[in-house]
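Here's the structure, in structure tokens; my notes come after.
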Amino acid sequence: MVNIMKSITIYDIAKEAGVSPATVSRILTGSTTVSEEKRQKVQKLIEKYDFRPNAMARGLTVSSSKTIGMLVPDAQNPYYNSVFASCCNAAYEKGYSMLLLNTFSDPAREKEALAKLIEQRVDAVIISGGRCDLAEQGPLSEETLRLISNRCRVVITSYSNYPEFAGICIDHRGCLDLAVDHLISLGHRDIGFVYAGPEYIGTKWKLDRLKEKLESYGLPFRKEWMIESRTYAHRGGRSAAHTIAELDQRPTAVIALNDVLAAGLLQGFHEVRIDVPGEISVIGFDNAYLTDITSPSITSVGYDYDAFGAMVVDYAVGEHAQDQGINLLIPGELVCRDSTDVARRA
């Protein structure tokens with residue numbers, strides 16, 4: 001007889017019922033391959049002990065853990081917050097739970113995190129940011145990615161160079177077009193750009209597209225207006241604002257790679273007494289929650305995060321297994337707020 005003072009396990013139920021743990025598991029998951037006699041015997045014990053198997057125990061006996069792991073390089077970044085939340089909602093609707101691991105943009109931590117997810121027997125891994133976003137993948141990245149692809153499904157929220165995985169990627173070029181066209185419509189002809197991580201594909205695509213776009217309008221692509229930040233964080237935008245303030249000729253509008261940098265620009269311009277949008281307009285990307293709480297509020301190019309998350313999870317759970325090597329682009333949408341206005345050049 002089972003000692004009810006200890007934690008009941010699937011093995012205890014199986015032993016008392018005289019069946020295998022796999023049989024108990026099949027009964028718990030509603031399998032029809034178990035005889036009615038065994039089903040009733042096990043069910044009575046489950047009810048007797050009010051047995052509730054934990055996820056780890058189920059993972060030992062069933063092929064699916066109903067869990068999806070997700071890696072991000074910066075869990076504090078509002079963009080990754082939004083992507084993770086949308087994936088959680090989509091996963092929940094399909095009966096899955098999500099695990100989030102923060103790699104801090106550290107390759108060693110990224111590799112360790114992937115190993116931990118494999119140990120947890122996740123059904124899929126979503127990789128958002130980090131080395132998968134590099135414009136040129138190194139051999140270590142390729143080796144690691146292919147290793148985990150043999151253990152579970154993998155989806156990248158960037159452009160995928162691998163036939164093994166789907167890439168669900170922001171349309172960085174199209175989003176940049178929306179930002180520039182908006183500024184041009186307001187009469188801006190002198191446009192700067194504050195960015196970080198030129199080695200990453202999203203930054204590279206935006207930077208290259210900005211040059212093409214300005215040239216198509218017959219406008220200058222001035223290197224002194226293209227300011228590289230050492231960080232994606234708020235302080236990077238603040239520092240860039242001080243740099244712009246010292247220029248002999250300033251741009252009338254500045255595009256920031258993300259909304260966090262844009263918020264830093266607002267603070268920096270306030271500190272040097274440059275009015276936004278009176279003297280300089282500011283526009284960001286991601287349409288994160290902070291765009292509505294800054295002063296002025298930030299014009300931003302955002303995305304349908306719910307659709308984004310649903311698409312990523314669909315591929316993660318294998319609903320499009322035949323298209324694993326596909327790359328899909330998520331379009332952007334311009335949201336106008338108070339940080340952009342008509343150009344006023346003295």
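The values are calculated or read from the model by the stated rules, or taken from the named source; none is laboratory data. Remember, it's a predicted structure, so these values are computed and weren't measured experimentally. Don't worry about glycine lacking a Cβ; one is built from the backbone with ideal geometry, like all the others, and counts go over all protein chains shown.
Scan the stretch 162-171 for residues that are surrounded by fewer than 19 Cβ atoms within 10 Å (Cβ to Cβ) and modelled with pLDDT under 90 and jot them down.
Tyr162, Pro163, Glu164, listed by residue number.
Is it fair to say Glu319 is in the same structural domain as Val154 (by TED's automatic domain parsing), within 30 Å of Ile168 (Cα to Cα) and within 27 Å of the chain's Cα centre (by Cα)?
Against the criterion (in the same structural domain as Val154 (by TED's automatic domain parsing), within 30 Å of Ile168 (Cα to Cα) and within 27 Å of the chain's Cα centre (by Cα)), Glu319 qualifies.
In the stretch 40-61, which residue that is basic (Lys, Arg) and assigned to a helix (DSSP H, G or I) is modelled with the lowest pLDDT?
Arg58
Report yes if Gly69 is within 30 Å of Arg131 (Cβ to Cβ), at pLDDT 85 or above, under 32 Å from the mean Cα position of the chain (by Cα) and not basic (Lys, Arg), otherwise no. Can you show your working first?
Working: within 30 Å of Arg131 (Cβ to Cβ): yes; at pLDDT 85 or above: yes; under 32 Å from the mean Cα position of the chain (by Cα): yes; not basic (Lys, Arg): yes.
Against the criterion (within 30 Å of Arg131 (Cβ to Cβ), at pLDDT 85 or above, under 32 Å from the mean Cα position of the chain (by Cα) and not basic (Lys, Arg)), Gly69 qualifies.
Please specify each residue of the stretch 172-210 satisfying the condition of being without any contact (Cβ under 8 Å) to a residue 60 or more places away in the chain, surrounded by 21 or more Cβ atoms within 10 Å (Cβ to Cβ) and of a type in the set (A, V, I, L, M, F, W, C).
Leu210
Residue check, Asp286 against (1) of a type outside the set (A, V, I, L, M); (2) touching a residue at least 40 places away in the same chain (Cβ under 8 Å); (3) surrounded by fewer than 18 Cβ atoms within 10 Å (Cβ to Cβ), all met but one. Which one?
(3)
Identify the residue in the stretch 98-111 that is over 16 Å from Cys152 (Cα atoms) and assigned to a helix (DSSP H, G or I) and, among all such residues, is modelled with the highest pLDDT.
Checked the stretch 98-111; the qualifying residue modelled with the highest pLDDT is Arg109.
Out of all the residues in the stretch 62-90, which are closer than 20 Å to Asn258 by Cα and part of a helix (DSSP H, G or I)?
Within the stretch 62-90, Pro78, Tyr79, Tyr80, Asn81, Ser82, Val83, Phe84, Ala85, Ser86 meet the criteria.
Give just the number: which of (1) closer than 30 Å to Val154 by Cβ; (2) modelled with pLDDT of 95 or more; (3) touching a strand residue (DSSP E or B) at 6+ places or on another chain (Cβ under 7 Å) does Cys336 not satisfy?
(1)
Could you pull out the residue among Ile118, Ile184, Ile191 that is of a type in the set (Val, Ile, Thr) and touching a Pro at 6+ places or on another chain (Cβ under 7 Å)?
Ile191
Given the condition under 15 Å from Pro198 (Cα atoms) and either within 27 Å of the chain's Cα centre (by Cα) or in the same structural domain as Phe193 (by TED's automatic domain parsing) (or both), answer yes or no: does some residue in the stretch 234-250 qualify? Even if it seems obvious, please write down each step before you answer.
Kept after step one, since they are under 15 Å from Pro198 (Cα atoms), are these residues of the stretch 234-250: 236.
Next cut, either within 27 Å of the chain's Cα centre (by Cα) or in the same structural domain as Phe193 (by TED's automatic domain parsing) (or both) only: 236.
Yes, because at least one residue in the stretch 234-250 is under 15 Å from Pro198 (Cα atoms) and either within 27 Å of the chain's Cα centre (by Cα) or in the same structural domain as Phe193 (by TED's automatic domain parsing) (or both).
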